[in-house]
1. Treating the Cα atoms of region 107-246 as identical point scatterers in vacuum, please give the log10 of the normalised Debye intensity I(q)/I(0) at q = 0.09, 0.11, 0.17 Å⁻¹, two decimals.
2. Using a Förster radius of 51 Å, what is the FRET efficiency between GLU490 and ALA219 based on their Cβ-Cβ separation? Nearest 0.05, please.
3. In Å, what Rg and Dmax follow from the Cα atoms of region 403-464?
4. Alpha carbons only, please: Rg and Dmax for region 140-195, in angstrom.
5. Around ARG304, under 14 Å between beta carbons, what's the net of Lys plus Arg minus Asp minus Glu among the other residues?
6. Looking at region 418-470, which trypsin sites (Lys or Arg not before Pro) are in a loop (DSSP not H, G, I, E or B) and have at most 16 other Cβ atoms within 10 Å?
7. What is the distance in Å between the Cα centres of region 241-317 and region 412-434?
8. Do any GluC sites (Glu not before Pro) in region 263-369 lie in a DSSP loop with no more than 12 other beta carbon atoms within 10 Å, and if so, which?
Amino acid sequence: MTDSLDDSDAGPDTSEDPEYSLSSDDDTTDAQSSQTPDLDDVVFDNLDTGSTGDSDEASRGLFDDLLEGEPIFENKEVLRPSYTPHKLPHREEQINNMATILVTALRGDTPSNILIYGKTGTGKTASAKFVSEELETTSQKYEVPCEVEYINCEVTDTQYRVLAQLANKFINKNADVIDDRIETLEDVLSRAREDATELEATEFDSVDALESEIDALEADKDDFEEVPMTGWPTDRVYSSFFDAVDYHERVVVIMLDEIDKLVEKSGDDTLYNLSRMNSELENSRVSIMGISNDLKFTDFLDPRVKSSLGEEEIVFPPYDANQLRDILQARADVAFKGSALSDDVIPLCAAFAAQEHGDARRALDLLRTAGELAERDQTDQVEEDHVRQAQEKIELDRVVEVVRTLPTQSKIVLFAIILLEKNGVRNINTGEVFNIYKNLCEEIDADVLTQRRVTDLISELDMLGIVNAVVVSKGRYGRTKEISLSVPTEETEAVLLSDSRLGDIDDVQPFVQARFDN
């Protein structure tokens, strides 16, 4: 198990091959700008011909022009992370391992809990969903009550929300089961009232007993109460979930995606409660399948939870470039029309993604975005240039999203670094950043952190790839960090200024002039 791709696993060496070169092409022209219809031209053309129509009439052909080209995509959804393919190349071993563990559910027994590890884009969630769909399909075939419930813990990240969401899912399923049961019994009842012998093939010995069962089912349904997303004591939420799961016999697999986010936000109480449920349940059995990008998150779990949760562990290694090509080709055959891709598109997408630790999600995003750019250019084929443009666009989008979601204090520190770089300061050190940071905090009435904490925030920005911070020795003056930006200055500054607190600063020059103040 490794944290990154080993050289031997990274696929063919593309660094010297011009066909798969990842360097930027300085001569690349912007095909998009040259082929996209110019709205201004449309407007003025109509004015020049003496059109008496208003501006609305002048722009009515805009979408007609954009729709002139033939679409490149056959089914774009195939390239999205949410899509679960019918076949997952290069994940047969992991899928078979999961199936071997979960097959006991089809025998009515409780499967072992499973922990699935692997970096982003290694096929963990897609494989788990694939196996889950197969499990539910097979359970219906053999009429074995088996259900899988999926929870994304990056969104549902507290014990209350997880339990409430699960409780409501089972409450709704129980209501459906009751409705089906009542419909069947009412059909029998209507026939039994005409002919009592209709009861001979049932467990009821009289019409009254049948009516009593229907009344009891309706009372059960009336007792169901959906859990609100806030407001109840956690014990009551857990009790509702417990009762809903145990309403009738079944084996339940609870899939917790991004399980480390749940532990990070709420501790291991949820996992503790779920892992000890089977000792109290009478009718049903529960198994947990946890999916995590963090191989070390179990280090923070209670030993009892850790031993119960990690009964089986499955590791998903990164894809190499050749495997990524196979994945992209399988999706492209369904996603694109005919010969919509030039020969070098899939190898280049795979080469880019192999640099990102074998991230198939990144490869699929690249291919989809390249196709979208080609459609906007109104070309009938995706070319290498579209892939390179897509790489730049995705990288910029990633930076924008990361910067936009930074805590306010980190934004202020980053803004201080940008101000220094924009004013020509080189070899920026922590002290200079702190002095500007301190003045910015006073300007917007934010709390001023210590210089040590600001240094920690710079390290976090470094880990996110937003800045590059290198520790250098100053001899007898000690050590300091030399800091430089690793992201586009203008775009990053624009994102920071979109924050209302930083956007209120009218004149930043005094803060830069004060960078050497003590």
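Just so you know, all these numbers are worked out from the coordinates, no wet-lab data involved. Just so it is clear, the structure is predicted and the values come from calculations on it, not from any experiment. Heads up, the Cβs are rebuilt from the backbone with ideal geometry, glycines too, and the neighbour counts pull from every protein chain shown.
1. -0.44, -0.62, -1.09
2. Values: r = 66 Å, r/R0 = 1.29.
About 0.20, to the nearest 0.05.
3. 10.8, 29
4. 17.5, 57
5. Spelling it out: positives minus negatives among the neighbours equals -2.
6. ARG426
7. Going from one Cα centre to the other spans 46 Å.
8. Here the sparse-neighbourhood loop sites are GLU280, GLU282.
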